[in-house]
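In what follows, a single structure is set out as C-alpha cells and then discussed.
The values are calculated or read from the model by the stated rules, or taken from the named source; none is laboratory data. Note that the structure is a prediction, hence the values are computed from the model and not measured. Here Cβ is always computed from backbone atoms with ideal geometry, including for glycine, and neighbour counts include all displayed protein chains.
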Amino acid sequence: MLPRPVWGEKGFSDTLEAELFNQYLSEIYLNRDINVYVLHGGNNGYTYDIRDGVKYIGISGTETDFEGLSIFDHFSYIKFYIDREGNTSYQVLPLFKER
C-alpha cells in the first residue's frame, strides 16, 4: 500500500524510479505467474490501471480535503476475494453506509 500513486502528477518524482519499480513487479508477474497488485491512496474516487501485467488500484481517502465533507463522502475500502484456485476479484465499497 502506497500513500500516493506511482504514476502521474502526484506519483514518483523520478519517472525512471517509477519505471524501475514497475519493471521489477512485472518481472515477478511474468516469471512467477503471480498476480501483482499495487494499492495506493489518492484524492477522490477510484482508479484502475494495468501496466505490463501489474494492476494499480487507487482508492480515495489519503489525500482528501476533509473540509465540508460528511463521513459518507469519498471514503472507501477494497474487499478482495481469492478462491481455491487462486483467482482474485475485488470490490470497492463505501467505508460508511448511509442509513
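Return the residue satisfying two criteria in turn: it lies in the stretch 28-51 and is over 13 Å from the mean Cα position of the chain (by Cα) and of a type in the set (D, E, K, R), and of such residues it is farthest from F75 (Cα to Cα).
Result: R32.
So which residues in the stretch 34-79 are in a loop (DSSP other than H, G, I, E, B) and at pLDDT 85 or above?
Within the stretch 34-79, I34, N35, D52, G53 meet the criteria.
What do you reckon, is Y48 surrounded by 15 or more Cβ atoms within 10 Å (Cβ to Cβ) and within 24 Å of G86 (Cα to Cα)?
No: the conditions fail for Y48.
Within the stretch 80-99, take every residue that is within 21 Å of M1 (Cα to Cα) and loosely packed, with under 10 Cβ neighbours inside 10 Å and give me the one that is modelled with the highest pLDDT.
Y81
Since S26 meets every condition but one in (1) hydroxyl-bearing (S, T, Y); (2) part of a strand (DSSP E or B); (3) at pLDDT 85 or above, which condition does it not meet?
Unmet condition: (2).
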